[in-house]
Each structure stands twice: as structure tokens, then as C-alpha cells.
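One structure below.
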Amino acid sequence: MDKKRLQWATRRGMLELDLVLGPFLENHYDDLSEQDQELFVALLECEDQDMFTWFIDKVDPTDTDLMRIVTIIRSHTGLQAGD
């Protein structure tokens, strides 16, 4: 998926998610491996409410692939689990 489409996909219905996903895309997405970029795209297909719990409430996703990209995003945004 090209970067313009990803920018559009990171615009969510919740400001909190916009503030996590947009800056991550701009500042860190290009440095991800191809596999992790694919995980980011898969993450964007998830429901906003699920992503809210993963990033804001810091609940871990049960899917190990999603957990990988959530952990990467958390590490770059300062949203570590348990904080």
C-alpha cells in the first residue's frame, strides 16, 4: 500500500488513535522491515475500539502478529504496557 493511502487509513474516528498512528507512520514506518510494514497495514484493518484498548488502555492483543506491531508502535510513542 502506498504511503498516501496509509496516511488516509491512519485517520481514524478517535483523536487518540490519530495521535498515535499518524506520527508513527510519518516517523517510523519507513524504517520497518517489509514484514512489519505488512503488520502495520493489517493493524489498520482492526476496529478503532480494539486499537484504543491496545494503545490507550494498554491491553495486549491476543494475536501474536498484532502484538508485535503494537509493541513496536508503543516503543516509539512512549505508550509502554504497564505505564
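The values are calculated or read from the model by the stated rules, or taken from the named source; none is laboratory data. Quick caveat: nothing in here was measured; it's all calculated off a predicted structure. Here the Cβ is made from the backbone with ideal geometry for all residues, glycine too, and neighbour counts use every protein chain on show. Just the protein is used for accessible areas: all its heavy atoms, side chains included, with ligands, DNA and RNA removed. Shrake-Rupley method; radii C 1.70, N 1.55, O 1.52, S 1.80 Å.
Key figures for this structure:
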| read-out | value |
| --- | --- |
| Boolean, Gly13 is in contact (Cβ under 8 Å) with a residue 12 or more places away in the chain, of a type outside the set (A, V, I, L, M) and in a loop (DSSP other than H, G, I, E, B) | yes |
| Residue that is least open to solvent (accessible area, probe 1.4 Å) [pool: residues in the range 70-83 that are touching a Pro at 6+ places or on another chain (Cβ under 9 Å) and β-branched (Val, Ile, Thr)] | Val70 |
| Matching residues, the range 21-58, being among the β-branched types (Val, Ile, Thr) and modelled with pLDDT of 95 or more | Val41, Thr53 |
| Cβ pairs under 8 Å, 6+ apart, first in the range 53-71 and outside any helix (DSSP H, G or I), second among the small types (Gly, Ala, Ser) | Lys58/Ala81; Lys58/Gly82; Asp60/Ala81 |
| Answer residue from the range 28-66, given it is open to solvent by 50 Å² or more (accessible area, probe 1.4 Å) and of a type in the set (A, V, I, L, M, F, W, C) and is nearest to Leu6 (Cα to Cα) among those | Ile56 |
